[in-house]
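Participant: Right, I'll just put the structure down here and ask away after.
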Amino acid sequence: MKKKIKIRFVDFWGDFDSKSNFITEILNERYELEYSDSPDYLFFGTFGYNHLKYDCVKIMFIGENIAPDFNLCDYAIGFD
């Protein structure tokens, strides 16, 4: 039985599909995903500030050549 985790995606580009992307494909291999307004893990991009509203584990995804700000996130996926 897979462990259930609650996730949410915010501040991504306009046509980003939060239910079908490379992150969810990887996570689906080991976890049962629940999409929630009160997530355990928040994935966020650089296209807004909605991530500031959440108090959970924050994982920043950066598709640009920008260093992650670890004052805003616990983990980051990017070029650095």
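The values are calculated or read from the model by the stated rules, or taken from the named source; none is laboratory data. The structure displayed is predicted, hence computed values, not measured ones. Ideal geometry is used to build each Cβ from the backbone, glycine not excepted, and the neighbour counts take in all protein chains shown. Ligands, DNA and RNA are stripped out before the accessible areas are found, and what is left, the full protein with its side chains, is counted by its heavy atoms. Shrake-Rupley method; radii C 1.70, N 1.55, O 1.52, S 1.80 Å.
Participant: Looking at Ile7, Ile23, Ile77 in this structure, which one is of a type in the set (A, V, I, L, M) and open to solvent by 30 Å² or more (accessible area, probe 1.4 Å)?
Facilitator: Details: Ile7 fails: open to solvent by 30 Å² or more (accessible area, probe 1.4 Å); Ile23 fails: open to solvent by 30 Å² or more (accessible area, probe 1.4 Å).
From the options Ile7, Ile23, Ile77, the qualifying one is Ile77.
Participant: Here's a follow-up. Kindly establish whether Glu64 is within 24 Å of Asp15 (Cα to Cα), free of Cβ contacts under 8 Å to residues at least 24 places away in the same chain and acidic (Asp, Glu). Quick ask: steps written out before the conclusion?
Facilitator: Working: within 24 Å of Asp15 (Cα to Cα): yes; free of Cβ contacts under 8 Å to residues at least 24 places away in the same chain: yes; acidic (Asp, Glu): yes.
Considered against the rule, which asks whether it is within 24 Å of Asp15 (Cα to Cα), free of Cβ contacts under 8 Å to residues at least 24 places away in the same chain and acidic (Asp, Glu), Glu64 comes out as yes.
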